[in-house]
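Q: Here you go, one structure.
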2 protein chains.
Amino acid sequence: MTPRPLAPSVFLALLAGGRGTRFWPLSRQSLPKQFLPLGGEKTLLQQTRERFAPLVAAERTFVIARAEYEGLIRSQLPELPPENVLVEPSPRDTAPAIGLAALEARRRAPDALLIVSPSDHRVSDPEAFRAAVTAAVLRAGEGGLGTLGVEPDRAATSFGYLRTGPAASDGARPVERFVEKPDQETARRFLDEGNYLWNAGLFVFRVAEFFQALAKADPGFAAGLEALESARESGRENEAEAAWARLPATSLDYALMERASGVWTIPLKAGWDDVGTWAAAEKPLSRDEEGNASAPDEEGGAVFTNSSNSSVFLGGGRERGPLPVLVGVEDLIVVSTRDVVLVCRRDRVEEVRRAVEELRRRGRDELL
Amino acid sequence: MTPRPLAPSVFLALLAGGRGTRFWPLSRQSLPKQFLPLGGEKTLLQQTRERFAPLVAAERTFVIARAEYEGLIRSQLPELPPENVLVEPSPRDTAPAIGLAALEARRRAPDALLIVSPSDHRVSDPEAFRAAVTAAVLRAGEGGLGTLGVEPDRAATSFGYLRTGPAASDGARPVERFVEKPDQETARRFLDEGNYLWNAGLFVFRVAEFFQALAKADPGFAAGLEALESARESGRENEAEAAWARLPATSLDYALMERASGVWTIPLKAGWDDVGTWAAAEKPLSRDEEGNASAPDEEGGAVFTNSSNSSVFLGGGRERGPLPVLVGVEDLIVVSTRDVVLVCRRDRVEEVRRAVEELRRRGRDELL
């Protein structure tokens, strides 16, 4: 099925401001996850843009991030018009970032419809993904605030959930409640009950409806966005920055979605993956007979001698590190970069953050 | 006991031409073991020179090596007169190298006495070492070809042995036979019998006696050395090089010591160590409570998080690699250099050479 481009009033906002440390030392404060290939050839941001490209043209695709990442975004997505990189005056959370994109979309088209997507996820079935997005866009044209909810295939405790009601004829389900990350038992129950979806941070709505709903859910926030816009339109940059700084640093879930009525979701079954763990990053890698993998998977990758079930990640670009040579080891994750090499047992990756804290204590901020 | 300098006719020859791969990737073809600190502050060559310094002045200390290492030697031993670095025209074995030193010593003093020492060993009790060397020098003045034989403290199979006869009043013992590296059972028997010493490659002899004995043991070799010398004295460099190239590429043990009569040894009990394994290189390192060590052992060394019994070596100088961070691992040796990082289980270090072979197959000679 060839995807059909969406209407020219449909805009896409890719959120690229995140700064996780989960993939340290491959990711850094200056090079977070969305700008890394993490096992693929293209970076997660590039993969995200490609996933949407058949639906939304570059001219109507925005990327929102702090100024620090502007250069990375321009170099990774050179096809985007420069003015489509929307710079956050200071780092906030997703709600202000999405507000910024909504203002920009409204300026371009009063009847704009906005798709919002994180830029650091992966999808193994992009056609199914685009079909769901297309369905959500059609539904959003009829009203309400939409999300795409991922059909769970396991009792995950690392995501928030959407409790949904019965599906309408177009497949959309009303969202009855946004649920925080559950414990294992609760997640198991959600899976069994069958009416819960993962909250993947994917939103679809008409921009006019977004502002109306926000004015109801958080009038101060909505007024703040309008103050920002009017300051910008009349070139009062200082005032615009002050208005930005007053916006609440909170998620769109909290500021709007959890409080709004008429929220619906289109179930998504497309091999969605938030690439939240090294295990997820390793998934696309090809392994040798002993279960070893090297990323990037190229001629001259890591040397594995009598080693098994180990994965090596080489930092890309300026962070490229020395060649890893593994001898007689098993179940390791090795990350080689220019200034840090991590050697970690596969089942102990959660403890990497403690090493990061130790480096912070040592004052080695340049390594973080 | 303050050591007394030896007579001005005593010269020291430090052999620095070796090219082992045991400590790869810390050692390289271009930077072998003798030029590395290997857990100490000073390199093994510098430690060796210091060990002898109270006995033999820099002016009478030679270092013999291939031309490739001349710069390393000059930078590590700047106190040596430049003409004391004796360059092998092409790599041979120890017999030609020692011949070169003997010729140089004879040129400087007809009654010269020569001490020959490897430059990649370690000694924990340098005073005892110097006492033994002094005893050997005194004994050599009276004649014969001398060695220092290390008193074994275990049934080692990695060294050749000297079978010795009863000690004379000065402690010297006649060497009855040079024995190849034994198997475990034989080594055990040697240790039990008590009259076997390790052959440590330490020799002491009057130079005149060396040439006489060599003329008897291998007349062609002796004649070759004289041809080399006479070509050099008259400035016929091509002829000198040709004479060098004709010398047998063999050890002094084989060319001379095993065939000569009147060979004796002074037993050495001074914490001698040939630093032949990573375990030996780790010995001087201080360990944390979990048994981890970092070399060099300095502020800002490796980070160990929930890890134990692991050792990290950072390449020195131009080979300095990224900072190793170990999380949740145990019993590893990690070597971080600019272009290679080795991750090896402690009990599998013998297999590193297989990884080196793999790199050679890949044509990555610059990493060897």
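Q: I'd like the residue in region A:44-54 that is surrounded by fewer than 22 Cβ atoms within 10 Å (Cβ to Cβ) and touching a helix residue (DSSP H, G or I) at 6+ places or on another chain (Cβ under 6 Å) and, out of all such residues, is farthest from A:Leu15 (Cα to Cα).
A: Residue satisfying both the conditions and the ranking: A:Arg51.
Q: Scan region A:190-198 and give yes if some residue there is outside any helix (DSSP H, G or I) and of a type in the set (D, E, K, R), otherwise no.
A: no
Q: Moving on to the next point. Taking A:Ala131, is it farther than 27 Å from A:Pro284 by Cβ and in contact (Cβ under 8 Å) with a residue 40 or more places away in the chain?
A: No, not satisfied.
Q: On to the next question. Take B:Glu330 and tell me if it is at the interface with chain A (Cβ under 9 Å from one of its Cβ atoms), acidic (Asp, Glu) and within 23 Å of A:Arg320 (Cα to Cα).
A: Judged against the criteria, B:Glu330 is not a match.
Q: Only one of B:Ser261, B:Ser310, B:Ser251 is outside the structural domain of B:Asp153 (by TED's automatic domain parsing) and either farther than 22 Å from A:Asn306 by Cα or of a type in the set (S, T, N, Q) (or both). Can you tell me which?
A: The conditions single out B:Ser310.
Q: Among (1) closer than 22 Å to A:Gly262 by Cβ; (2) outside any helix (DSSP H, G or I), there is one condition A:Ala208 misses while meeting the rest; what is its number?
A: (2)
Q: Return the residue satisfying two criteria in turn: it lies in region A:1-51 and is more than 25 Å from A:Ala140 (Cβ to Cβ) and touching a strand residue (DSSP E or B) at 6+ places or on another chain (Cβ under 6 Å), and of such residues it is modelled with the lowest pLDDT.
A: Per the criteria, the residue is A:Gly39.
Q: With the requirement that a residue be without any contact (Cβ under 8 Å) to a residue 60 or more places away in the chain, surrounded by 23 or more Cβ atoms within 10 Å (Cβ to Cβ) and more than 11 Å from A:Ser310 (Cα to Cα), what does region A:328-340 give you?
A: Scanning region A:328-340 gives a single hit, A:Ser336.
Q: Can you name the residue in region A:285-314 that is hydroxyl-bearing (Ser, Thr, Tyr) and surrounded by fewer than 18 Cβ atoms within 10 Å (Cβ to Cβ) and, of all such residues, is nearest to A:Ser119 (Cα to Cα)?
A: A:Ser286
Q: Step by step: first the residues of region B:44-56, then only those that are aliphatic (A, V, I, L, M) and part of a helix (DSSP H, G or I), then the one that is farthest from B:Arg107 (Cα to Cα). Which residue is that?
A: Among them, the one singled out is B:Leu44.
Q: Here is a further query. For region A:349-360, what are the residues that are surrounded by 18 or more Cβ atoms within 10 Å (Cβ to Cβ) and facing chain B (nearest Cβ under 7 Å)?
A: Selection gives A:Val352, A:Ala355, A:Leu359.
Q: Scan region B:252-301 for residues that are out of contact with any Lys or Arg (no Cβ under 6 Å at 6 or more places or on another chain) and among the hydroxyl-bearing types (Ser, Thr, Tyr) and jot them down.
A: B:Tyr254, B:Ser261, B:Thr277, B:Ser286, B:Ser294
Q: Which residues, taken from region B:333-348, are among the basic types (Lys, Arg) and at the interface with chain A (Cβ under 8 Å from one of its Cβ atoms)?
A: Listed by number, the residues that qualify are B:Arg338, B:Arg345, B:Arg348.
Q: Test B:Ser311 against the criterion of being touching a strand residue (DSSP E or B) at 6+ places or on another chain (Cβ under 8 Å) and under 24 Å from B:Asp153 (Cβ atoms), and give yes or no.
A: Yes.
Q: Within region A:269-278, identify whether any single residue is without any contact (Cβ under 8 Å) to a residue 40 or more places away in the chain and in the same structural domain as A:Arg19 (by TED's automatic domain parsing), and answer yes or no.
A: The answer is no, given that none of the residues of region A:269-278 is without any contact (Cβ under 8 Å) to a residue 40 or more places away in the chain and in the same structural domain as A:Arg19 (by TED's automatic domain parsing).
Q: Restricting attention to region B:261-284, which residues are modelled with pLDDT of 95 or more and buried (at least 17 other Cβ atoms within 10 Å of the Cβ)?
A: Matches in region B:261-284: B:Val263, B:Trp264, B:Thr265, B:Ile266, B:Pro267, B:Leu268, B:Ala270, B:Trp272.
Residues checked against (1) of a type in the set (Asp, Glu); (2) under 25 Å from A:Arg51 (Cβ atoms); (3) within 19 Å of the chain's Cα centre (by Cα):
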position: A:Phe210; (1), (2), (3): no, yes, no
position: A:Lys216; (1), (2), (3): no, no, no
position: A:Ala249; (1), (2), (3): no, no, yes
position: A:Gly262; (1), (2), (3): no, no, no
position: A:Leu268; (1), (2), (3): no, yes, yes
position: A:Gly276; (1), (2), (3): no, yes, yes
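The values are calculated or read from the model by the stated rules, or taken from the named source; none is laboratory data. The structure presented is a predicted model; accordingly, all values stated were derived computationally and were not measured. Reconstructed Cβ throughout: ideal geometry from the backbone, glycine too, with neighbour counts over all protein chains shown.
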